[in-house]
Amino acid sequence: MAVASAMADFIFMEEKNAKLFVNSPNALEGNEVSKCNTASAKFQSETTGLVDGIGSEEEILADIRSLVCMLPSNNEEDSSYEECNDDLNRVCADLANAKEDTAIALTMISDDNIFCEVKKAYAKDMVAGFIKLNGMTVGAVANRTAEFDENGKTVAKYDARLTTAGCEKAAAFVKKCDAFNIPVLTLVNVTGFAATVEEEKTISKALAKLTNAYADATVPKVTVVMDKAYGTAYTVMNSKAIGADMVYAWPDAVIGTMDPEMAVKIMYEDELAAADDKLAFIKEKKAEYVAALSGAASAASRGYIDDIIEPDATRKRVIAAIQMLLSKEEMRPYKKHSTI
(Lines give C-alpha, C1' and ligand atoms only; values in the text may rest on other atoms or scores of the structure.)
Protein backbone atom coordinates (compact mmCIF):
# COMPACT_ATOMS: atom_id res chain seq x y z
CA MET A 1 0.00 0.00 0.00
CA ALA A 2 2.97 2.33 0.47
CA VAL A 3 3.87 1.74 -3.17
CA ALA A 4 0.26 2.31 -4.25
CA SER A 5 0.19 5.57 -2.30
CA ALA A 6 3.41 6.78 -3.91
CA MET A 7 1.85 6.21 -7.34
CA ALA A 8 -0.99 8.65 -6.61
CA ASP A 9 -0.98 12.15 -8.06
CA PHE A 10 -1.31 13.73 -4.60
CA ILE A 11 -1.10 12.24 -1.11
CA PHE A 12 -2.52 13.48 2.20
CA MET A 13 -2.05 12.02 5.69
CA GLU A 14 -3.87 12.49 8.97
CA GLU A 15 -1.13 13.82 11.21
CA LYS A 16 -1.64 11.78 14.41
CA ASN A 17 -2.78 8.29 13.49
CA ALA A 18 -1.87 7.73 9.84
CA LYS A 19 1.16 5.57 9.03
CA LEU A 20 2.94 5.09 5.73
CA PHE A 21 6.03 2.91 5.44
CA VAL A 22 7.79 0.22 3.44
CA ASN A 23 9.75 -1.03 6.45
CA SER A 24 8.39 -0.57 9.95
CA PRO A 25 10.43 2.04 11.89
CA ASN A 26 11.41 -0.57 14.49
CA ALA A 27 12.64 -2.90 11.74
CA LEU A 28 15.31 -0.39 10.68
CA GLU A 29 18.70 -1.19 12.18
CA GLY A 30 19.61 1.23 14.93
CA ASN A 31 16.20 2.90 14.89
CA GLU A 32 12.95 2.81 16.84
CA VAL A 33 9.74 4.82 16.82
CA SER A 34 10.75 6.89 19.84
CA LYS A 35 13.98 7.86 18.04
CA CYS A 36 12.64 8.49 14.56
CA ASN A 37 9.13 7.57 13.47
CA THR A 38 9.70 7.04 9.76
CA ALA A 39 6.07 5.99 9.32
CA SER A 40 4.64 9.29 10.61
CA ALA A 41 2.95 11.99 8.58
CA LYS A 42 5.57 14.49 9.78
CA PHE A 43 8.46 12.38 8.48
CA GLN A 44 6.77 11.60 5.16
CA SER A 45 5.94 15.26 4.51
CA GLU A 46 9.06 17.03 5.81
CA THR A 47 11.84 14.51 5.17
CA THR A 48 10.83 12.29 2.24
CA GLY A 49 8.60 14.80 0.46
CA LEU A 50 6.17 12.03 -0.45
CA VAL A 51 3.12 13.60 1.20
CA ASP A 52 1.56 16.81 -0.08
CA GLY A 53 -0.34 17.78 3.04
CA ILE A 54 -0.98 16.71 6.62
CA GLY A 55 -3.41 17.78 9.32
CA SER A 56 -6.52 16.67 11.15
CA GLU A 57 -9.11 14.71 9.23
CA GLU A 58 -11.21 17.84 8.77
CA GLU A 59 -8.21 19.87 7.60
CA ILE A 60 -7.00 17.38 5.01
CA LEU A 61 -10.53 16.89 3.66
CA ALA A 62 -10.76 20.66 3.21
CA ASP A 63 -7.36 20.67 1.48
CA ILE A 64 -8.48 17.87 -0.83
CA ARG A 65 -11.65 19.77 -1.75
CA SER A 66 -9.56 22.85 -2.58
CA LEU A 67 -7.16 20.79 -4.68
CA VAL A 68 -9.89 18.95 -6.58
CA CYS A 69 -11.48 22.30 -7.46
CA MET A 70 -8.17 23.28 -9.06
CA LEU A 71 -7.67 20.15 -11.15
CA PRO A 72 -9.31 19.39 -14.49
CA SER A 73 -11.05 16.03 -14.84
CA ASN A 74 -8.56 15.04 -17.53
CA ASN A 75 -5.91 16.50 -19.81
CA GLU A 76 -8.44 17.37 -22.53
CA GLU A 77 -10.85 19.35 -20.36
CA ASP A 78 -10.88 23.03 -21.27
CA SER A 79 -11.09 24.96 -18.02
CA SER A 80 -10.05 28.28 -19.51
CA TYR A 81 -13.55 29.77 -19.54
CA GLU A 82 -14.49 29.35 -15.89
CA GLU A 83 -16.05 32.57 -14.64
CA CYS A 84 -13.62 34.93 -12.96
CA ASN A 85 -14.99 37.63 -10.64
CA ASP A 86 -11.60 39.16 -9.86
CA ASP A 87 -10.30 42.17 -11.81
CA LEU A 88 -7.99 40.95 -14.57
CA ASN A 89 -6.12 44.27 -14.43
CA ARG A 90 -5.87 44.33 -10.65
CA VAL A 91 -2.72 46.12 -9.50
CA CYS A 92 -0.66 44.16 -6.96
CA ALA A 93 0.78 47.19 -5.22
CA ASP A 94 3.00 45.43 -2.67
CA LEU A 95 4.10 42.51 -4.81
CA ALA A 96 7.75 43.62 -4.90
CA ASN A 97 7.86 43.30 -1.11
CA ALA A 98 6.89 39.63 -1.39
CA LYS A 99 9.67 38.55 -3.75
CA GLU A 100 11.44 36.74 -0.90
CA ASP A 101 8.43 34.67 0.19
CA THR A 102 6.97 33.68 -3.14
CA ALA A 103 4.11 31.75 -1.53
CA ILE A 104 2.76 35.18 -0.59
CA ALA A 105 3.57 36.61 -4.03
CA LEU A 106 1.64 33.82 -5.77
CA THR A 107 -1.30 34.36 -3.43
CA MET A 108 -1.34 38.05 -4.31
CA ILE A 109 -1.47 37.56 -8.08
CA SER A 110 -4.01 34.72 -8.03
CA ASP A 111 -7.74 35.24 -8.60
CA ASP A 112 -9.33 36.09 -5.24
CA ASN A 113 -5.91 35.49 -3.62
CA ILE A 114 -6.28 31.70 -3.59
CA PHE A 115 -3.12 29.60 -3.65
CA CYS A 116 -3.23 25.82 -3.25
CA GLU A 117 0.31 24.85 -2.25
CA VAL A 118 1.58 21.27 -2.46
CA LYS A 119 4.40 19.68 -0.46
CA LYS A 120 4.56 22.85 1.63
CA ALA A 121 6.60 21.19 4.41
CA TYR A 122 9.26 19.82 2.05
CA ALA A 123 12.15 21.72 0.41
CA LYS A 124 10.84 25.10 1.50
CA ASP A 125 13.39 26.89 -0.68
CA MET A 126 11.14 25.94 -3.60
CA VAL A 127 7.42 26.75 -3.72
CA ALA A 128 4.98 24.76 -5.86
CA GLY A 129 1.21 24.86 -6.14
CA PHE A 130 -1.85 25.93 -8.09
CA ILE A 131 -3.31 29.38 -8.60
CA LYS A 132 -6.19 30.69 -10.72
CA LEU A 133 -5.66 33.34 -13.38
CA ASN A 134 -8.74 34.56 -15.24
CA GLY A 135 -10.54 31.48 -13.93
CA MET A 136 -7.96 29.09 -15.34
CA THR A 137 -5.81 26.80 -13.23
CA VAL A 138 -2.10 27.54 -13.52
CA GLY A 139 0.73 25.58 -11.93
CA ALA A 140 3.29 27.79 -10.21
CA VAL A 141 6.91 27.10 -9.30
CA ALA A 142 9.04 29.69 -7.52
CA ASN A 143 12.34 30.10 -5.68
CA ARG A 144 11.97 31.29 -2.07
CA THR A 145 14.61 33.05 0.04
CA ALA A 146 12.52 33.78 3.14
CA GLU A 147 9.40 32.61 4.90
CA PHE A 148 7.08 35.04 6.69
CA ASP A 149 4.30 34.36 9.17
CA GLU A 150 0.84 35.93 9.09
CA ASN A 151 2.22 39.00 10.91
CA GLY A 152 4.98 39.56 8.36
CA LYS A 153 7.70 38.32 10.71
CA THR A 154 10.55 36.34 9.19
CA VAL A 155 10.49 32.74 10.45
CA ALA A 156 13.10 31.25 8.12
CA LYS A 157 15.76 32.30 5.61
CA TYR A 158 16.97 30.32 2.60
CA ASP A 159 19.86 30.80 0.20
CA ALA A 160 18.95 31.76 -3.35
CA ARG A 161 20.44 28.46 -4.49
CA LEU A 162 18.95 25.37 -6.04
CA THR A 163 18.99 22.24 -3.88
CA THR A 164 18.46 18.59 -4.73
CA ALA A 165 15.19 18.43 -2.82
CA GLY A 166 13.93 21.69 -4.33
CA CYS A 167 14.74 20.60 -7.89
CA GLU A 168 13.08 17.20 -7.46
CA LYS A 169 10.00 18.83 -5.95
CA ALA A 170 9.74 21.30 -8.84
CA ALA A 171 10.45 18.69 -11.52
CA ALA A 172 7.74 16.34 -10.29
CA PHE A 173 5.25 19.21 -10.11
CA VAL A 174 6.01 20.46 -13.63
CA LYS A 175 5.53 16.92 -14.98
CA LYS A 176 2.14 16.71 -13.26
CA CYS A 177 1.09 20.03 -14.76
CA ASP A 178 2.15 18.85 -18.20
CA ALA A 179 0.24 15.57 -17.73
CA PHE A 180 -2.95 17.47 -16.83
CA ASN A 181 -2.32 20.07 -19.58
CA ILE A 182 -2.04 22.89 -17.02
CA PRO A 183 0.05 26.01 -17.93
CA VAL A 184 3.14 26.66 -15.82
CA LEU A 185 4.25 29.97 -14.29
CA THR A 186 7.78 30.24 -12.87
CA LEU A 187 9.04 33.00 -10.56
CA VAL A 188 12.83 33.20 -10.52
CA ASN A 189 15.29 34.45 -7.91
CA VAL A 190 18.34 32.19 -7.97
CA THR A 191 22.10 32.70 -7.88
CA GLY A 192 23.58 29.20 -8.02
CA PHE A 193 23.57 25.76 -6.46
CA ALA A 194 23.85 24.45 -2.92
CA ALA A 195 27.50 23.62 -2.33
CA THR A 196 28.05 20.79 0.16
CA VAL A 197 29.47 17.30 -0.10
CA GLU A 198 26.02 15.79 0.47
CA GLU A 199 24.44 17.95 -2.23
CA GLU A 200 27.21 17.12 -4.66
CA LYS A 201 26.21 13.45 -4.48
CA THR A 202 22.76 14.11 -5.92
CA ILE A 203 22.34 17.61 -7.32
CA SER A 204 23.51 17.00 -10.90
CA LYS A 205 20.85 14.33 -11.38
CA ALA A 206 18.21 16.55 -9.76
CA LEU A 207 19.14 19.45 -12.05
CA ALA A 208 18.86 17.15 -15.05
CA LYS A 209 15.37 16.13 -13.94
CA LEU A 210 14.25 19.73 -13.57
CA THR A 211 15.74 20.79 -16.91
CA ASN A 212 14.11 17.83 -18.64
CA ALA A 213 10.74 18.47 -16.98
CA TYR A 214 10.63 22.05 -18.27
CA ALA A 215 12.05 21.27 -21.71
CA ASP A 216 9.74 18.28 -22.18
CA ALA A 217 6.56 20.12 -21.13
CA THR A 218 4.40 21.23 -24.07
CA VAL A 219 1.98 23.39 -22.05
CA PRO A 220 2.21 27.22 -22.04
CA LYS A 221 5.26 28.23 -19.99
CA VAL A 222 5.71 31.76 -18.63
CA THR A 223 8.64 32.96 -16.50
CA VAL A 224 9.05 36.13 -14.41
CA VAL A 225 12.53 37.07 -13.17
CA MET A 226 11.91 38.93 -9.92
CA ASP A 227 15.43 39.61 -8.68
CA LYS A 228 18.54 37.57 -9.54
CA ALA A 229 19.00 35.01 -12.30
CA TYR A 230 22.58 33.80 -12.56
CA GLY A 231 24.23 31.26 -14.81
CA THR A 232 23.12 27.67 -15.18
CA ALA A 233 20.86 27.96 -12.13
CA TYR A 234 18.69 30.37 -14.10
CA THR A 235 18.93 28.26 -17.24
CA VAL A 236 17.22 25.30 -15.58
CA MET A 237 14.48 27.51 -14.04
CA ASN A 238 12.47 27.67 -17.29
CA SER A 239 14.64 30.13 -19.19
CA LYS A 240 14.37 30.85 -22.90
CA ALA A 241 17.21 28.39 -23.43
CA ILE A 242 15.07 25.40 -22.46
CA GLY A 243 11.81 26.46 -24.03
CA ALA A 244 10.01 29.15 -22.02
CA ASP A 245 7.35 30.74 -24.24
CA MET A 246 7.39 34.15 -22.56
CA VAL A 247 9.95 35.56 -20.13
CA TYR A 248 9.44 38.82 -18.24
CA ALA A 249 11.74 40.62 -15.81
CA TRP A 250 11.17 43.25 -13.18
CA PRO A 251 13.15 46.50 -13.75
CA ASP A 252 15.75 45.80 -11.03
CA ALA A 253 16.34 42.18 -12.05
CA VAL A 254 19.94 41.12 -12.63
CA ILE A 255 20.40 38.46 -15.31
CA GLY A 256 23.84 37.16 -16.16
CA THR A 257 26.47 34.48 -15.88
CA MET A 258 27.54 35.38 -12.34
CA ASP A 259 27.22 37.83 -9.45
CA PRO A 260 28.21 41.30 -10.80
CA GLU A 261 30.32 42.04 -7.72
CA MET A 262 32.30 38.83 -8.17
CA ALA A 263 32.70 39.60 -11.87
CA VAL A 264 34.12 43.04 -11.05
CA LYS A 265 36.63 41.54 -8.60
CA ILE A 266 37.83 39.16 -11.32
CA MET A 267 37.87 41.64 -14.19
CA TYR A 268 39.51 44.51 -12.27
CA GLU A 269 41.79 42.59 -9.93
CA ASP A 270 44.84 44.81 -10.46
CA GLU A 271 42.91 48.09 -10.44
CA LEU A 272 41.07 47.02 -7.30
CA ALA A 273 44.31 46.23 -5.51
CA ALA A 274 45.61 49.72 -6.30
CA ALA A 275 42.38 51.59 -5.49
CA ASP A 276 42.34 53.82 -2.40
CA ASP A 277 38.65 53.28 -1.73
CA LYS A 278 37.98 49.67 -2.70
CA LEU A 279 34.28 49.73 -1.77
CA ALA A 280 33.62 52.83 -3.89
CA PHE A 281 35.56 51.30 -6.79
CA ILE A 282 33.57 48.06 -6.63
CA LYS A 283 30.30 49.98 -6.42
CA GLU A 284 31.16 52.08 -9.48
CA LYS A 285 32.31 49.18 -11.63
CA LYS A 286 29.44 46.99 -10.49
CA ALA A 287 26.93 49.61 -11.67
CA GLU A 288 28.72 49.80 -15.04
CA TYR A 289 28.75 45.99 -15.36
CA VAL A 290 25.05 45.66 -14.57
CA ALA A 291 24.10 48.42 -17.01
CA ALA A 292 26.18 46.92 -19.81
CA LEU A 293 25.81 43.19 -19.30
CA SER A 294 23.47 42.07 -16.52
CA GLY A 295 20.59 44.52 -16.21
CA ALA A 296 17.07 43.78 -17.36
CA ALA A 297 17.43 46.20 -20.28
CA SER A 298 20.63 44.50 -21.39
CA ALA A 299 18.97 41.07 -21.19
CA ALA A 300 16.01 42.34 -23.23
CA SER A 301 18.30 43.75 -25.93
CA ARG A 302 19.92 40.33 -26.28
CA GLY A 303 16.62 38.48 -26.47
CA TYR A 304 16.99 36.68 -23.14
CA ILE A 305 13.69 38.18 -21.95
CA ASP A 306 10.64 39.37 -23.87
CA ASP A 307 9.75 42.46 -21.85
CA ILE A 308 10.46 44.43 -18.69
CA ILE A 309 7.39 44.80 -16.51
CA GLU A 310 6.64 46.62 -13.29
CA PRO A 311 6.06 44.30 -10.31
CA ASP A 312 2.54 45.60 -9.70
CA ALA A 313 1.58 44.75 -13.30
CA THR A 314 2.69 41.11 -13.03
CA ARG A 315 -0.81 39.70 -12.66
CA LYS A 316 -2.29 41.28 -15.78
CA ARG A 317 0.80 40.63 -17.92
CA VAL A 318 0.95 36.94 -16.96
CA ILE A 319 -2.78 36.54 -17.60
CA ALA A 320 -2.37 38.12 -21.04
CA ALA A 321 0.58 35.87 -21.86
CA ILE A 322 -1.23 32.67 -20.86
CA GLN A 323 -4.36 33.67 -22.75
CA MET A 324 -2.22 34.29 -25.84
CA LEU A 325 -0.61 30.86 -25.46
CA LEU A 326 -3.79 28.82 -25.00
CA SER A 327 -3.76 27.76 -28.64
CA LYS A 328 -0.14 26.63 -28.44
CA GLU A 329 0.64 23.30 -30.11
CA GLU A 330 3.93 21.49 -30.35
CA MET A 331 4.48 18.71 -32.86
CA ARG A 332 7.43 16.62 -31.77
CA PRO A 333 9.02 13.47 -33.21
CA TYR A 334 7.52 10.27 -31.87
CA LYS A 335 9.34 8.70 -28.94
CA LYS A 336 8.39 6.39 -26.13
CA HIS A 337 9.66 8.57 -23.27
CA SER A 338 12.79 10.29 -22.06
CA THR A 339 15.44 8.41 -20.10
CA ILE A 340 15.80 11.08 -17.38
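Here are a few things to note about the model shown:
- Filter pass, A4 being open to solvent by 30 Å² or more (accessible area, probe 1.4 Å), without any contact (Cβ under 8 Å) to a residue 40 or more places away in the chain, aliphatic (A, V, I, L, M) and not in a loop (DSSP other than H, G, I, E, B): yes
- In region 209-225, the condition of being open to solvent by 20 Å² or more (accessible area, probe 1.4 Å), more than 16 Å from the chain's Cα centre (by Cα) and not small (G, A, S) is met by at least one residue.
- Enumeration of residues in region 226-254 that are in a helix (DSSP H, G or I) and more than 15 Å from the chain's Cα centre (by Cα): G231, T232, K240, A241, I242
- Region 288-337: number of residues that are modelled with pLDDT of 85 or more and open to solvent by less than 100 Å² (accessible area, probe 1.4 Å): 31
- Within the set R302, R332, the sole residue that is free of Cβ contacts under 8 Å to residues at least 60 places away in the same chain and basic (K, R) turns out to be R302.
- If the condition is being loosely packed, with under 14 Cβ neighbours inside 10 Å and under 30 Å from the mean Cα position of the chain (by Cα), then region 7-35 contributes M7, A8, D9, K16, V22.
- Of residues in region 111-152 being farther than 21 Å from E82 by Cα, among the aliphatic types (A, V, I, L, M) and more than 11 Å from the chain's Cα centre (by Cα), the one most open to solvent (accessible area, probe 1.4 Å): A121
- Residue count for region 88-110 under the criterion of being open to solvent by 10 Å² or more (accessible area, probe 1.4 Å), among the acidic types (D, E) and at pLDDT 95 or above: the result is 1.
- Among all positions in region 255-265, there is no residue which is open to solvent by less than 20 Å² (accessible area, probe 1.4 Å), part of a strand (DSSP E or B) and modelled with pLDDT of 95 or more.
- Selection within region 276-309 - of a type in the set (A, V, I, L, M) and assigned to a helix (DSSP H, G or I): L279, A280, I282, A287, V290, A291, A292, L293, A296, A297, A299, A300
- Number of the exception - D312 against (1) acidic (D, E); (2) assigned to a loop (DSSP other than H, G, I, E, B); (3) in contact (Cβ under 8 Å) with a residue 40 or more places away in the chain: (2)
- Annotation note: Cβ proximity below 8 Å between a residue of region 251-269 that is of a type in the set (S, T, N, Q) and a residue that is in a helix (DSSP H, G or I) (sequence gap 6+ or interchain) occurs for T257/G231; T257/A263.
- Qualifying positions in region 78-131 - under 16 Å from V225 (Cα atoms), touching a strand residue (DSSP E or B) at 6+ places or on another chain (Cβ under 9 Å) and among the polar types (S, T, N, Q): T102
- Among the residues of region 49-79, those that are outside any helix (DSSP H, G or I) and at pLDDT 95 or above comprise G49, L50, V51, D52, G53, I54, G55, S56.
The values are calculated or read from the model by the stated rules, or taken from the named source; none is laboratory data. Everything quoted here is computed from the prediction, not taken from an experiment. Cβ: placed from backbone, ideal geometry, glycine included. Neighbour counts: every protein chain shown. Just the protein is used for accessible areas: all its heavy atoms, side chains included, with ligands, DNA and RNA removed. Shrake-Rupley method; radii C 1.70, N 1.55, O 1.52, S 1.80 Å.
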